[in-house]
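Structure first, commentary second.
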Amino acid sequence: MRLRIVLVAVATLAVGFAVAQVTGQRWLGGGVLVAGGIVAAVLAWRWAGPVRALGAVAVFAVAFVVAHPLGRLIGAWPAVLAVCAATGTIAYALLRPRDKLSAT
């Protein structure tokens, strides 16, 4: 379950950027980010509890913000891929199950 949550979050960052870039409509990409972020947050809340879920949401939000200035330095897609990798790694480490019983 933890891997699924991380994959939703990482895919949301990449797909949100792709939608904004392909359509030229930033709000559409933002809609993808919000929708995917909500799905990942709800799943994380159920799996890991509120504190870890909010921590994962904070990581997601920081990654989104950091991608913008990083994109000016290394390019848009390299920045998106870098923040996806960082988000996935940090979120995976953060989202441990609430207790041993919920891990099964």
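Any number yet on Rg/Rh for the chain, C-alpha, Kirkwood? Walk me through the numbers on the way to the answer.
Values: Rg = 13.8 Å, Rh = 13.7 Å.
Over the Cα atoms of the chain, Rg/Rh equals 1.01.
Could you look at the chain and say what percent of its accessible area is carbon and sulfur, using a 1.4 Å probe and all protein chains?
Numbers: 4630 of 6190 Å².
The nonpolar share, carbon plus sulfur, comes to 75 percent.
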Relative contact order, percent, the chain [alpha-carbon distance under 8 Å, six or more residues apart]: 33
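What net charge do the residues around Ile90 carry, taking every other residue with its C-beta under 15 Å from that of Ile90, with Lys and Arg at +1 and Asp and Glu at -1? Spell out each step's value before the answer.
Working: positive: Arg2, Arg52, Arg96; negative: none.
It works out to a net charge of +3.
Kindly state, to the nearest 0.05, the FRET efficiency for Arg96 paired with Ala11, given R0 = 22 Å and r defined as their beta-carbon distance.
Values: r = 21 Å, r/R0 = 0.96.
That pair, Arg96 with Ala11, gives E of 0.55.
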Two-site label geometry, Thr23 and His68: point separation in nm, points 7 Å out along Cα→Cβ: 1.9
Helix-only mean residue ellipticity at 222 nm for the chain, each DSSP H run of n ≥ 4 adding -39500 (n - 2.57), per residue, nearest 500: -30000 deg cm²/dmol
Whole-number accessible area per residue in Å² for the chain, which is evaluated in the context of all protein chains at 1.4 Å: 60
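The values are calculated or read from the model by the stated rules, or taken from the named source; none is laboratory data. Keep in mind it's a predicted model, so treat the numbers as computed, not measured. Virtual Cβ from ideal backbone geometry, glycine too; neighbours counted across all protein chains shown. Just the protein is used for accessible areas: all its heavy atoms, side chains included, with ligands, DNA and RNA removed. Shrake-Rupley method; radii C 1.70, N 1.55, O 1.52, S 1.80 Å.
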